[in-house]
1. Hey, does segment 28-43 have a residue that's within 20 Å of residue 110 (Cα to Cα), in a helix (DSSP H, G or I) and either touching a Cys at 6+ places or on another chain (Cβ under 9 Å) or modelled with pLDDT of 90 or more (or both)?
2. So, residue 162, is that one more than 19 Å from residue 87 (Cβ to Cβ), among the acidic types (Asp, Glu), assigned to a helix (DSSP H, G or I) and open to solvent by 30 Å² or more (accessible area, probe 1.4 Å) or not?
3. Being in a helix (DSSP H, G or I), farther than 26 Å from residue 139 by Cβ and within 25 Å of the chain's Cα centre (by Cα) is the requirement here; does residue 13 meet it?
4. Can you pull out every residue in segment 59-92 that is part of a helix (DSSP H, G or I), open to solvent by 80 Å² or more (accessible area, probe 1.4 Å) and free of Cβ contacts under 8 Å to residues at least 40 places away in the same chain?
5. Has segment 321-328 got any residue that is farther than 19 Å from residue 294 by Cβ, open to solvent by 60 Å² or more (accessible area, probe 1.4 Å), among the basic types (Lys, Arg) and at pLDDT below 90?
6. Among all residue pairs at least 6 apart or on different chains, which show Cβ distances below 9 Å where the first residue, located in segment 196-211, is among the basic types (Lys, Arg) and the second is modelled with pLDDT of 75 or more and open to solvent by 60 Å² or more (accessible area, probe 1.4 Å)?
7. Here's a check for you: in segment 1-20, which residue that is among the small types (Gly, Ala, Ser) and exposed (fewer than 13 other Cβ atoms within 10 Å of the Cβ) is modelled with the highest pLDDT?
8. Given the conditions (1) of a type in the set (Asp, Glu); (2) in contact with a Gly (Cβ under 8 Å, 6 or more places away or on another chain); (3) modelled with pLDDT under 75, report the number of the one that residue 275 does not fulfil.
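The values are calculated or read from the model by the stated rules, or taken from the named source; none is laboratory data. Fair warning: this is a prediction, and the values are worked out from it, not measured in the lab. Ideal geometry is used to build each Cβ from the backbone, glycine not excepted, and the neighbour counts take in all protein chains shown. Remember, those area values only see protein heavy atoms, side chains included, never the ligands or the DNA or RNA. Shrake-Rupley method; radii C 1.70, N 1.55, O 1.52, S 1.80 Å.
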Amino acid sequence: MKAWVKQTVTGQRILLAAKAAVAVGIAWFLGTHVPGSADKYPYYAPLGALVSMYPTFMGSIRAGLQTLIGLALGIVLAAGVLMLGSPNIVSISVAVGVGVLLAGQTRLGAGGEYVPVATLLVLIIGGRDADAFSVGYAIQMGLGVVVGLIVNVTIFPPLTLDAARLRISRGRLVLSSQLEDMAKALTEQWPPAHEDWAGRQKTLASSVSEIRGAVHGARESHKANPRAYRHSRHRRVQESLGDMEVLENLTVYVRDITEVLTGTIWPGHLDVHLESELNEPVSRCLQTLAELLKAWDERKLDAELFEDSDAALQGLTAALANTDGKAVLALNPGVAVALDVQRILVTLRHRSADSKED
């Protein structure tokens, strides 16, 4: 229960709930004062406000427009049925079926589900007064959507950059921990006493997926957001996008190293063998990479750290040269690890250079 509350009752969710409550109240009040026949259907105004209330302002605009488009399609579909005569069981069923088919259009997004709903409401509730109902329904929903957008953009439109930065930081630490655990395993008596690091492939992939979602949300929250019209915020969003792309690449390399080392320790994974004299050089390479990731997270990447990693990679390369006669080079797992280590170093160097230019 506590975990559910912690995940659900967040500051952003509380703010969204408060804004939804305000928007619904305002929409209901305004809906009761709409002139003409539309004042008979004020309850659709709060519904319009509710469907347009998304965590991001751009999401609210998109959802609101999609809902109104879906609503319009449903009304047009119902009008087509009414032109053929009074609605009956067969015509209503066919119309709703066609509405469900139209709702499958991906461009309609959140508004797709309102196509069959609007069709059904116009045919059943509108009845003989379908024209007046359709107009009132559309006006009240449109009013609610406008109210929802205004409330969402005027009351602390959210910026979720901090959440994305936190996810990225956690992603770096996940990779750093993985590298450290593998480095320690190589210095233990084989097979190593702990092997939890060998089963973290899904954890690594999940970390990247969470980072991608958080960064996408941050970028979405900045679109059309008046609070985002600052160069520093835009730069930080771009920086997060760059960090995400780097972490995706690094995760691929770390997962590759994990798979290779797992195959060398426990039979059945890969038919490869790591010479014992390579354990220490590989371990040192992985440990220096872990230190680089920690420094990157703390924004302290410097030339000295790269020098340590370069020296460790050179040591591994030298050790590999001494083992050429003991194993087929193409099947030497140390070569695969060395290649991934080099790719990680190149990626981090490029990212460090890009960050300095920004």
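1. No, segment 28-43 contains no residue that is within 20 Å of residue 110 (Cα to Cα), in a helix (DSSP H, G or I) and either touching a Cys at 6+ places or on another chain (Cβ under 9 Å) or modelled with pLDDT of 90 or more (or both).
2. Numbers: more than 19 Å from residue 87 (Cβ to Cβ): yes; among the acidic types (Asp, Glu): yes; assigned to a helix (DSSP H, G or I): yes; open to solvent by 30 Å² or more (accessible area, probe 1.4 Å): yes.
Answer is yes for this residue.
3. Numbers: in a helix (DSSP H, G or I): yes; farther than 26 Å from residue 139 by Cβ: yes; within 25 Å of the chain's Cα centre (by Cα): yes.
Taking the combined requirement at face value, the residue satisfies it.
4. The answer is 76, 83, 89, 90.
5. Yes - at least one qualifying residue is present in segment 321-328.
6. 200/255
7. 17
8. Only one criterion in (1) of a type in the set (Asp, Glu); (2) in contact with a Gly (Cβ under 8 Å, 6 or more places away or on another chain); (3) modelled with pLDDT under 75 is unmet by residue 275, namely (3).
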